[in-house]
1. Can you pull out every residue in segment B:55-70 that is in a loop (DSSP other than H, G, I, E, B) and surrounded by 16 or more Cβ atoms within 10 Å (Cβ to Cβ)?
2. Looking for something within 29 Å of A:Glu145 (Cα to Cα) and of a type in the set (Gly, Ala, Ser) - is there at least one such residue anywhere in segment A:221-231?
3. Of the residues that make up segment A:169-177, is at least one surrounded by fewer than 19 Cβ atoms within 10 Å (Cβ to Cβ), within 12 Å of another protein chain (Cβ to nearest Cβ) and either under 20 Å from A:Asp258 (Cβ atoms) or at pLDDT 95 or above (or both)?
4. From the list B:Gly290, B:Gly306, B:Gly233, which residue is at positive phi, of a type outside the set (Lys, Arg) and open to solvent by less than 10 Å² (accessible area, probe 1.4 Å)?
5. Suppose we filter A:Asp283, A:Asp291 for residues that are over 19 Å from the mean Cα position of the chain (by Cα) and of a type in the set (Asp, Glu); which single one remains?
6. If I ask for residues that are farther than 14 Å from B:Ser200 by Cβ, within 7 Å of chain A (Cβ to nearest Cβ) and in contact (Cβ under 8 Å) with a residue 40 or more places away in the chain, which ones from segment B:227-252 would you list?
7. Consider B:Thr186 carefully, then state whether it is among the polar types (S, T, N, Q), in contact with a strand residue (DSSP E or B) (Cβ under 8 Å, 6 or more places away or on another chain) and within 13 Å of chain A (Cβ to nearest Cβ).
8. Is one or more of the residues making up segment B:276-292 over 22 Å from A:His237 (Cβ atoms), out of contact with any Asp or Glu (no Cβ under 8 Å at 6 or more places or on another chain), within 14 Å of chain A (Cβ to nearest Cβ) and of a type in the set (A, V, I, L, M)?
There are 2 protein chains.
Amino acid sequence: MSADQNAANEDSIPNAPALLALDWGTSSLRAFLMDAEGRVMLERASAHGIQNLPVPGNGGFERAFAELCAGWLERWPGLPVVAGGMVGSAQGWKEAPYVSCPADTDTLASRAVAVDSAAGPRILIAPGVLYDPPDAAPDVMRGEEIQIAGALADHPDWRRRACIALPGTHSKWAQVSDGRIAHFATYMTGELFAVLSRHSILGRLMPDEAASAEDAKRAFADGVLAGRDSRPGDLPHQIFATRTLGLTGRLPHAALKDYLSGLLIGHELTSGLAALRDTLSPDTPLLLIGDATLCRRYEEALGILGVAVTARLANTAPRGLFQFARAAGLIA
Amino acid sequence: MSADQNAANEDSIPNAPALLALDWGTSSLRAFLMDAEGRVMLERASAHGIQNLPVPGNGGFERAFAELCAGWLERWPGLPVVAGGMVGSAQGWKEAPYVSCPADTDTLASRAVAVDSAAGPRILIAPGVLYDPPDAAPDVMRGEEIQIAGALADHPDWRRRACIALPGTHSKWAQVSDGRIAHFATYMTGELFAVLSRHSILGRLMPDEAASAEDAKRAFADGVLAGRDSRPGDLPHQIFATRTLGLTGRLPHAALKDYLSGLLIGHELTSGLAALRDTLSPDTPLLLIGDATLCRRYEEALGILGVAVTARLANTAPRGLFQFARAAGLIA
């Protein structure tokens, strides 16, 4: 069994949980038992993301859920269950169509869909969010709206106005106003880095070994600054420097991946910060949510651009699912 | 044998050739018999590019050359032979290190390297060109400098001042001043399109079939205009629209590849034209060299941006190799 059972702790729970929250993404499934104040009491995880189910089809969702939550469902049969993430996509257990910006947990709750699991509980699945402006291409998120709700839960000042960046394969930059996601943009920064490193000519000069800390830091900073100083349309040209800086010996080959990473992150930050300045005041809180190592890398890049991060947050999804459950009336 | 022998024509050559010119790239080898006026009399081609030699190592170059030029070498044993392209790279037959901008055929000839082939002739290999400004990343070309020399050969007005774009996997934008390549930039537009279509999430919504001509044209134009209207750093965000425009039904899935193509070309053109405006007057001739279908696509995109193309040129490499041979004193 792939779950982390935390079995030793299970019998020592002093109080009954108030919620079972599922963070169900593409590559993983995480389950959180939460108390009435929105604190995580116990958690389990499996690799049964929606693209890695134990069996195909709906049976796969049923089994992944029943296996991961075995014991819990029998012990607390009336426990409300909520889920967020790709489980609500067209490829998920049941599709919860996107809601439009501006959106908050009330909006999500009003358009949630329910699925009655064979294991017993009815599971309430949160929709994703669509930003569909008349004058630009549409954008979508699914899962990040829950993380954002979690970040805002205990921070009235951030609810009022915040810019939230969630670095990753598909980074999201969301602007929050009056407690709602006003608009957002996706940046394919992580995936661009991956496909260029693995599948383009740029990867050919990149050795497996890492550069020295000093070389890596300098190359990363050079990339960030090149992104900052770019003009419209420059990126297809600038990425080629990942090759020529190596060919000409200006950067050690082991540092070329740091240059490319800095360049792509520099582009994302330059664009994201410009969008932020368009609509929000300079003192708007800037939050980073996600993997700690990646968030530190973004904070380093923001520092190079002279921008301070208000807070770095780790996994805010459980708290966001709790807020969603409360908005749906599942918790008093 | 993979060569196109043109055998029927060989006996009907009225005059002896003046030059054997080899355009030897990564994936193909082309040989041209040229007359004293720089006209192609006969040509042959094989798939023996430097990454596809019949046997590894120098023996592979020897054999590819001897096989493709069989008959010619015996019939005209004293014929001068020149070569350009990747054959002069570090992975080529013999490395001809880059010359620096500004560069013309005299510069190339002064730094050419010779290799004595087992088949008899000495082959003079042209170097590539390096642009290495103190305030930006370096750039390199190898093969395009020969095509540029060919384009300029019969056009004194273009020699004086021109902007030359060579669309492709790695597009080059070169600025010519006083007959020399003053500076240039590489855009990885074609490779970006290929890796994103084949290896990223963007390819998942792209079917194999082509869109209707009308849908393709509209999607391509939408992409070009999105590139034109972009701000610094926007590209990692904008490419995600290739997914969301499909998800939301704004574009038919079959037209998504046209959108991505237009977007990437729009970025290249926006950046390339801005660099052109920095240094050259608005009436500077703008030339496209390369594959006819791709050049027409670039001309269409330039038309959307309100920019006229002065000329579209096909294969100018033989003429460029002739100019190189003349600069090297191999032709009277």
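1. B:Cys69
2. Scanning segment A:221-231 turns up at least one residue that is within 29 Å of A:Glu145 (Cα to Cα) and of a type in the set (Gly, Ala, Ser).
3. Yes, the conditions are met somewhere in segment A:169-177.
4. B:Gly233
5. Just a single option satisfies the conditions, and that option is A:Asp283.
6. Listed by number, the residues that qualify are B:Gly227, B:Ser230, B:Leu247.
7. Criteria met by B:Thr186.
8. no
The values are calculated or read from the model by the stated rules, or taken from the named source; none is laboratory data. Note that the structure is a prediction, hence the values are computed from the model and not measured. Using ideal geometry, Cβ is built from the backbone for each residue, glycine included, and neighbour counts are taken over all protein chains shown. Accessible surface is based on the protein model in full, side chains and every heavy atom, while ligands, DNA and RNA are left aside. Shrake-Rupley method; radii C 1.70, N 1.55, O 1.52, S 1.80 Å.
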